[in-house]
Amino acid sequence: MKLVTAEEMRRMDQKTISECGLPGIVLMENAGRGAAVLTQEHFGLLKGRRIAVISGRGNNGGDGFVMARVFHGWGARVQIYLLGSRDRVKGDALINLEAAFKMDLEIIEIKEDSDLDLIDLSGVDLVIDAIFGTGLNAEVRGLYRAVIERINRAGRTVVAVDLPSGLDSDTGRVWGLGVKADLTVTFGLPKAGLFLPPGEELVGRL
(Lines give C-alpha, C1' and ligand atoms only; values in the text may rest on other atoms or scores of the structure.)
Protein backbone atom coordinates (compact mmCIF):
# COMPACT_ATOMS: atom_id res chain seq x y z
CA MET A 1 0.00 0.00 0.00
CA LYS A 2 1.26 3.46 -0.91
CA LEU A 3 0.88 6.18 1.73
CA VAL A 4 1.29 9.88 1.00
CA THR A 5 1.79 13.13 2.84
CA ALA A 6 -0.56 16.05 2.35
CA GLU A 7 2.03 17.83 0.19
CA GLU A 8 2.52 14.78 -2.03
CA MET A 9 -1.24 14.48 -2.54
CA ARG A 10 -1.48 18.20 -3.28
CA ARG A 11 1.20 17.90 -5.96
CA MET A 12 -0.61 14.94 -7.53
CA ASP A 13 -3.84 16.92 -7.67
CA GLN A 14 -2.04 19.90 -9.17
CA LYS A 15 -0.44 17.68 -11.81
CA THR A 16 -3.87 16.32 -12.73
CA ILE A 17 -5.16 19.87 -13.09
CA SER A 18 -2.22 21.26 -15.05
CA GLU A 19 -1.19 18.30 -17.23
CA CYS A 20 -4.49 16.48 -17.74
CA GLY A 21 -6.59 19.62 -17.98
CA LEU A 22 -9.13 18.58 -15.36
CA PRO A 23 -10.07 21.62 -13.25
CA GLY A 24 -10.26 21.47 -9.49
CA ILE A 25 -14.06 21.70 -9.55
CA VAL A 26 -14.15 18.35 -11.41
CA LEU A 27 -11.85 16.73 -8.85
CA MET A 28 -14.07 18.03 -6.04
CA GLU A 29 -17.21 16.73 -7.74
CA ASN A 30 -15.65 13.30 -8.27
CA ALA A 31 -14.39 13.16 -4.69
CA GLY A 32 -17.66 14.20 -3.08
CA ARG A 33 -19.79 12.01 -5.31
CA GLY A 34 -17.50 9.03 -4.72
CA ALA A 35 -17.67 9.57 -0.96
CA ALA A 36 -21.47 9.72 -1.11
CA VAL A 37 -21.63 6.47 -3.10
CA LEU A 38 -19.34 4.68 -0.63
CA THR A 39 -21.40 6.00 2.28
CA GLN A 40 -24.57 4.51 0.80
CA GLU A 41 -22.81 1.24 0.00
CA HIS A 42 -21.69 1.01 3.62
CA PHE A 43 -24.90 2.08 5.39
CA GLY A 44 -27.62 1.12 2.92
CA LEU A 45 -30.16 3.20 1.03
CA LEU A 46 -30.25 6.77 2.32
CA LYS A 47 -33.61 7.84 0.91
CA GLY A 48 -35.69 9.38 3.68
CA ARG A 49 -32.85 9.33 6.22
CA ARG A 50 -31.71 12.42 8.08
CA ILE A 51 -28.17 13.55 7.35
CA ALA A 52 -26.27 16.45 8.91
CA VAL A 53 -23.32 17.71 6.86
CA ILE A 54 -21.01 19.79 9.04
CA SER A 55 -18.65 21.73 6.80
CA GLY A 56 -15.76 24.11 7.09
CA ARG A 57 -15.10 26.91 4.61
CA GLY A 58 -12.31 25.20 2.64
CA ASN A 59 -12.09 22.40 0.12
CA ASN A 60 -13.00 19.73 2.68
CA GLY A 61 -16.22 21.64 3.22
CA GLY A 62 -16.64 21.79 -0.56
CA ASP A 63 -16.49 18.00 -0.71
CA GLY A 64 -19.19 17.98 1.96
CA PHE A 65 -21.39 20.32 -0.10
CA VAL A 66 -21.12 17.92 -3.05
CA MET A 67 -22.12 15.01 -0.81
CA ALA A 68 -25.09 17.00 0.49
CA ARG A 69 -26.31 17.61 -3.07
CA VAL A 70 -25.97 13.93 -3.95
CA PHE A 71 -27.77 12.79 -0.78
CA HIS A 72 -30.54 15.31 -1.48
CA GLY A 73 -30.91 13.93 -4.99
CA TRP A 74 -31.34 10.46 -3.52
CA GLY A 75 -34.21 11.67 -1.34
CA ALA A 76 -32.40 12.04 1.96
CA ARG A 77 -33.33 14.85 4.36
CA VAL A 78 -30.16 16.93 4.49
CA GLN A 79 -29.07 19.88 6.58
CA ILE A 80 -25.79 21.69 6.02
CA TYR A 81 -24.15 23.34 9.01
CA LEU A 82 -21.55 25.78 7.70
CA LEU A 83 -18.92 26.78 10.26
CA GLY A 84 -18.59 30.43 9.32
CA SER A 85 -20.21 32.91 6.99
CA ARG A 86 -21.20 32.09 3.42
CA ASP A 87 -19.36 35.19 2.22
CA ARG A 88 -16.05 33.75 3.48
CA VAL A 89 -16.27 30.59 1.35
CA LYS A 90 -14.13 30.83 -1.78
CA GLY A 91 -13.20 29.02 -4.99
CA ASP A 92 -14.52 25.58 -5.83
CA ALA A 93 -16.10 25.22 -2.40
CA LEU A 94 -18.17 28.37 -3.03
CA ILE A 95 -19.40 27.03 -6.38
CA ASN A 96 -20.70 23.91 -4.65
CA LEU A 97 -22.18 25.85 -1.74
CA GLU A 98 -24.10 28.06 -4.18
CA ALA A 99 -25.29 24.98 -6.06
CA ALA A 100 -26.59 23.51 -2.80
CA PHE A 101 -28.35 26.80 -2.03
CA LYS A 102 -30.01 26.83 -5.46
CA MET A 103 -31.24 23.27 -4.82
CA ASP A 104 -33.01 24.61 -1.69
CA LEU A 105 -30.93 22.63 0.76
CA GLU A 106 -31.13 24.01 4.28
CA ILE A 107 -27.86 25.81 5.10
CA ILE A 108 -27.38 26.98 8.67
CA GLU A 109 -24.44 29.28 9.39
CA ILE A 110 -22.63 28.68 12.68
CA LYS A 111 -20.59 31.84 13.13
CA GLU A 112 -20.04 32.07 16.88
CA ASP A 113 -20.57 30.19 20.13
CA SER A 114 -24.08 31.56 20.52
CA ASP A 115 -25.04 29.67 17.32
CA LEU A 116 -23.99 26.26 18.65
CA ASP A 117 -27.50 25.38 19.81
CA LEU A 118 -28.62 25.58 16.17
CA ILE A 119 -26.78 22.31 15.60
CA ASP A 120 -29.42 19.68 16.24
CA LEU A 121 -28.10 16.14 15.89
CA SER A 122 -30.99 14.47 17.71
CA GLY A 123 -32.68 11.99 15.42
CA VAL A 124 -29.97 12.32 12.77
CA ASP A 125 -29.02 9.06 11.08
CA LEU A 126 -25.62 10.19 9.76
CA VAL A 127 -23.22 13.02 10.50
CA ILE A 128 -20.78 13.96 7.74
CA ASP A 129 -17.57 15.48 9.10
CA ALA A 130 -16.28 17.86 6.41
CA ILE A 131 -14.69 20.43 8.70
CA PHE A 132 -10.91 20.12 8.23
CA GLY A 133 -8.92 18.40 5.51
CA THR A 134 -5.22 17.73 5.12
CA GLY A 135 -4.23 21.36 5.66
CA LEU A 136 -4.77 21.44 9.44
CA ASN A 137 -1.53 22.28 11.29
CA ALA A 138 -2.65 24.03 14.48
CA GLU A 139 -4.52 23.27 17.67
CA VAL A 140 -8.29 22.99 17.32
CA ARG A 141 -9.79 25.76 19.44
CA GLY A 142 -12.86 27.87 20.00
CA LEU A 143 -15.93 27.27 17.87
CA TYR A 144 -14.37 24.36 15.99
CA ARG A 145 -13.45 22.52 19.18
CA ALA A 146 -16.96 23.05 20.56
CA VAL A 147 -18.50 21.62 17.35
CA ILE A 148 -16.24 18.56 17.42
CA GLU A 149 -17.14 17.99 21.08
CA ARG A 150 -20.81 18.17 20.11
CA ILE A 151 -20.33 15.63 17.31
CA ASN A 152 -18.51 13.20 19.58
CA ARG A 153 -21.12 13.52 22.34
CA ALA A 154 -24.08 13.00 20.02
CA GLY A 155 -23.53 9.26 19.67
CA ARG A 156 -24.49 9.31 15.98
CA THR A 157 -22.89 7.45 13.09
CA VAL A 158 -20.11 9.65 11.66
CA VAL A 159 -18.51 9.62 8.21
CA ALA A 160 -15.25 11.57 7.92
CA VAL A 161 -14.42 13.19 4.58
CA ASP A 162 -10.78 12.41 3.60
CA LEU A 163 -9.73 12.17 7.26
CA PRO A 164 -11.29 12.85 10.66
CA SER A 165 -11.16 16.55 11.50
CA GLY A 166 -8.44 17.29 14.02
CA LEU A 167 -6.09 14.60 12.71
CA ASP A 168 -2.70 15.53 11.26
CA SER A 169 -2.64 13.77 7.90
CA ASP A 170 1.14 13.28 7.95
CA THR A 171 1.94 12.29 11.53
CA GLY A 172 -1.21 10.90 13.15
CA ARG A 173 -1.08 13.65 15.74
CA VAL A 174 -4.42 14.82 17.09
CA TRP A 175 -4.44 18.60 17.26
CA GLY A 176 -6.05 18.80 20.68
CA LEU A 177 -9.33 17.10 19.75
CA GLY A 178 -10.50 15.06 16.78
CA VAL A 179 -13.75 13.69 15.40
CA LYS A 180 -14.33 10.02 16.21
CA ALA A 181 -15.49 8.53 12.91
CA ASP A 182 -17.18 5.23 12.14
CA LEU A 183 -16.17 5.42 8.48
CA THR A 184 -13.45 7.49 6.81
CA VAL A 185 -13.55 7.93 3.03
CA THR A 186 -10.16 9.19 1.86
CA PHE A 187 -9.30 10.52 -1.59
CA GLY A 188 -6.58 9.59 -4.06
CA LEU A 189 -4.13 7.68 -1.89
CA PRO A 190 -4.37 7.05 1.87
CA LYS A 191 -2.57 9.56 4.05
CA ALA A 192 0.13 8.34 6.43
CA GLY A 193 -1.57 9.85 9.49
CA LEU A 194 -4.56 7.53 9.06
CA PHE A 195 -2.34 4.62 10.11
CA LEU A 196 -0.26 6.25 12.86
CA PRO A 197 -1.10 6.54 16.58
CA PRO A 198 -2.89 8.16 18.21
CA GLY A 199 -4.93 9.40 15.24
CA GLU A 200 -5.56 5.92 13.85
CA GLU A 201 -8.05 5.42 16.69
CA LEU A 202 -10.30 8.11 15.19
CA VAL A 203 -10.55 6.62 11.71
CA GLY A 204 -13.01 3.75 12.12
CA ARG A 205 -13.30 1.74 8.92
CA LEU A 206 -11.15 3.22 6.14
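Among rounded, prolate and oblate, which fits segment 6-73 when a ≥ b ≥ c are the square roots of the eigenvalues of its C-alpha gyration tensor, a/c under 1.5 means rounded, and a/b larger than b/c means prolate? Since a/c reaches 1.5 and a/b is larger than b/c, the shape of segment 6-73 is classed as prolate. The length gained by stretching the chain between Arg145 and His42 to full extension, at 0.36 nm per residue less their Cα-Cα distance, is 34.3 nm.
Probing with 1.4 Å while keeping every protein chain in the model, the per residue accessible area of the chain equals 47 Å². 3J(HN,Hα) along segment 192-206, derived from phi through the Karplus expression 6.51 cos²θ - 1.76 cosθ + 1.60 where θ = phi - 60°, amounts to 4, x, 5, 10, 10, x, x, x, 4, 6, 8, 6, x, 7, 9 Hz, with x in place of Gly and Pro. Residues whose amide H comes within less than 5 Å of that of Glu109, counting only those at least five positions distant or on another chain, are Leu82 (H built at 1.01 Å from N in the peptide plane).
Work through the residues other than Leu46 whose Cβ is under 12 Å from its Cβ and net out their charges, Lys, Arg +1 and Asp, Glu -1. In short, +2.
Taking a sphere under 15 Å around the Cβ of Val147 and counting the other residues whose Cβ falls inside, with K and R at +1 and D and E at -1, yields a net charge of -1. Remark: spin-label model distance Met1-Ser114 equals 4.6 nm, labels positioned 7 Å along the Cα→Cβ axis. Calculated on the Cα set of the chain, radius of gyration then Dmax: 15.7, 46 Å.
For segment 74-155, the square roots a ≥ b ≥ c of the C-alpha gyration tensor eigenvalues yield an a/c of 1.5 or more together with a/b not exceeding b/c, which makes the shape oblate.
Per atom type, the chain shows carbon and sulfur on 50% of its accessible surface, probed at 1.4 Å.
For segment 77-167, the relative contact order comes to 31 percent (Cα pairs under 8 Å, sequence separation of at least 6). For Gly133, nonlocal amide neighbours, meaning residues 5 or more places apart or on other chains whose placed amide H falls under 5 Å from its own, are Asn60.
Here the Karplus relation 6.51 cos²θ - 1.76 cosθ + 1.60, evaluated at θ = phi - 60°, turns the backbone of segment 165-182 into coupling constants of 4, x, 8, 7, 5, 9, 10, x, 5, 9, 7, x, 7, x, 6, 8, 9, 8 Hz, with x for every Gly and Pro. Distance from the C-alpha centroid of segment 1-43 to that of segment 59-79: 17 Å, rounded to the whole angstrom. The H on the amide N of Ala160, modeled in the peptide plane, is under 5 Å from the matching H of Asp129, Asp182, Leu183, Thr184, Val185, each at least 5 residues off or on a different chain. Only helices reaching 27 angstrom along their own axis (Cα) with mean Kyte-Doolittle hydropathy no lower than -1.0 count here, and for the DSSP H runs of the chain these are 24-43. Let me make sure I get this right: for segment 24-113, a, b and c are the square roots of the gyration tensor eigenvalues over alpha carbons, sorted descending. Under 1.5 in a/c it's rounded, otherwise prolate if a/b > b/c, else oblate. Which is it? The shape class here is oblate.
The values are calculated or read from the model by the stated rules, or taken from the named source; none is laboratory data. All figures in this text were calculated on a predicted structure; none of them were measured in a lab. Ideal geometry is used to build each Cβ from the backbone, glycine not excepted, and the neighbour counts take in all protein chains shown. For accessibility, only protein heavy atoms count, side chains too; no ligands or nucleic acids. Shrake-Rupley method; radii C 1.70, N 1.55, O 1.52, S 1.80 Å.
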